[in-house]
1. Could you look through the range 71-92, keep only residues that are surrounded by fewer than 24 Cβ atoms within 10 Å (Cβ to Cβ) and among the hydrophobic types (A, V, I, L, M, F, W, C), and pick out the one that is nearest to the ligand (Cβ to nearest atom)?
2. Looking only at the range 153-176, which residues are touching a helix residue (DSSP H, G or I) at 6+ places or on another chain (Cβ under 9 Å), part of a helix (DSSP H, G or I) and among the β-branched types (Val, Ile, Thr)?
3. So, in the range 19-52, of the ones that are crowded, with 24+ Cβ neighbours inside 10 Å and within 16 Å of the ligand (Cβ to nearest atom), which residue ends up nearest to the chain's Cα centre (by Cα)?
4. Which one is nearest to the ligand (Cβ to nearest atom), of the residues in the range 264-278 that are of a type in the set (A, V, I, L, M, F, W, C) and not in a helix (DSSP H, G or I)?
5. In the range 1-17, which residues are within 16 Å of the ligand (Cβ to nearest atom) and assigned to a helix (DSSP H, G or I)?
6. So, in the range 242-263, of the ones that are within 11 Å of the ligand (Cβ to nearest atom) and in contact (Cβ under 8 Å) with a residue 40 or more places away in the chain, which residue ends up nearest to Asn73 (Cα to Cα)?
7. Suppose we filter Ala108, Ala43, Ala29, Ala79 for residues that are small (Gly, Ala, Ser) and without any contact (Cβ under 8 Å) to a residue 12 or more places away in the chain; which single one remains?
Amino acid sequence: MKAGVLTGGGDCPGLNAVIRAVVRTIHNAGGETLGLLEGWRGAVEGNVIELNPEITDGIIDRGGTILGSSRTNPYKDPADVDRLTDQFQKLGLDALIAIGGDDTLGVARRLYSERGLPTIGVPKTIDNDLSSTDVTFGFDTCINIVTEAVDRLRTTAESHRRIMVIETMGRHAGWITCFAGIASAADYILVPEIEADLEAMCELLLKRRATGKPYGIVVVSEGAQISGDAGLVIQDEEVDDFGHVKLGGIGDLVGKIIEERTGIETRVVTLGHLQRGGPPSAYDRVLGTRLGVHAARLAIDGKFGRMVALRGTNIVSVALAEAVDTMRALELDILDEAGEFFQ
Ligand code: F6P
């Protein structure tokens, strides 16, 4: 068995745990693993490194990915898909394990269904917005980083009697904002799933101040929907290979509106890529390891076109075709529970 492994899309805490587990499990079965560098770019260019348990043993605590990543989409140019297919044969791969979000996994799905390549997917994203899996690794680390950041920002908010607006990542899903907002006792959260009522938010912030809480914490998703506004705040009109715009900047808009409407001094912090950096939490290391072991076992058993997933406490596999079909929005029940604290 010669397996390839690659990481695509945004880096995410826990990727190295998956790589380590894949390499170890394939090795235990007498096989070998090649690492394809920088996502699908490495697959198109045949840019690989040999991996073994010695190289990967000490990487579980490292953030990012030792293989590098990119948002390369081989389907942007059909010639690249041909090149990738040729490289696959040249390298003599029996299986390719792609670790990524919906874009990376979408490519794995098409390579399997349209080219018959033996691909397997492992879901990853800090955004936690992939359907077919209960949780994605990276999310836990991310919400811990955001929670700690808000805890620290509260110090200044309280001392200066200010409102702090914290902008979080998550694209079009509010998981990060909602979970970190609950964990850090935010006064209000704004997520993409529900159009935010800024009037109600400002009234609440004023009410809090009048009833003895002289500061406020607002956590806002980069993709939040704001009432009466022109929709998403986009940082850059340019789109990546998969057609995504760069979000960001909504925090500034929200901060300005709060200051104007309440007269309370308001500051904005955009956490950005800090949310994806640094060592993975123990939870993400364990989840990444379990997914990696099961992905490698699928390869060993010759079960392709599938994605490993967490269901309850079990690791299962689902068809890639069904796994990448829809985005998983924040569950409204959780938002409703959080709402007890935002009134
Ligand atoms: O999907 C993960 C994510 O971190 C999103 O939350 C965010 O919008 C995006 O990636 C940022 O991507 P980049 O690293 O390309 O700026």
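1. Here the residue is Val81.
2. Once the filter is applied, which keeps residues that are touching a helix residue (DSSP H, G or I) at 6+ places or on another chain (Cβ under 9 Å), part of a helix (DSSP H, G or I) and among the β-branched types (Val, Ile, Thr), the range 153-176 yields only Ile176.
3. Gly39
4. The extreme case among them is Leu271.
5. Once the filter is applied, which keeps residues that are within 16 Å of the ligand (Cβ to nearest atom) and assigned to a helix (DSSP H, G or I), the range 1-17 yields only Leu15.
6. Applying the filter and picking the extreme gives Phe242.
7. Ala79
This table checks each residue for (1) surrounded by 13 or more Cβ atoms within 10 Å (Cβ to Cβ); (2) more than 21 Å from Gly288 (Cβ to Cβ); (3) in contact (Cβ under 8 Å) with a residue 40 or more places away in the chain.
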site	(1), (2), (3)
Gly302	no, yes, yes
Val308	yes, no, yes
Ile315	yes, no, no
Val318	yes, no, yes
Val324	yes, no, yes
Arg328	yes, no, yes
Asp333	no, yes, no
Ala338	yes, yes, yes
Gln343	no, yes, yes
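Only the coordinates and a few stated rules stand behind these numbers; no lab work does. Given the structure is predicted, the values throughout are model-derived calculations rather than measurements. Positions of Cβ are generated from backbone atoms using ideal geometry, with glycine treated the same way; all protein chains shown enter the neighbour counts.
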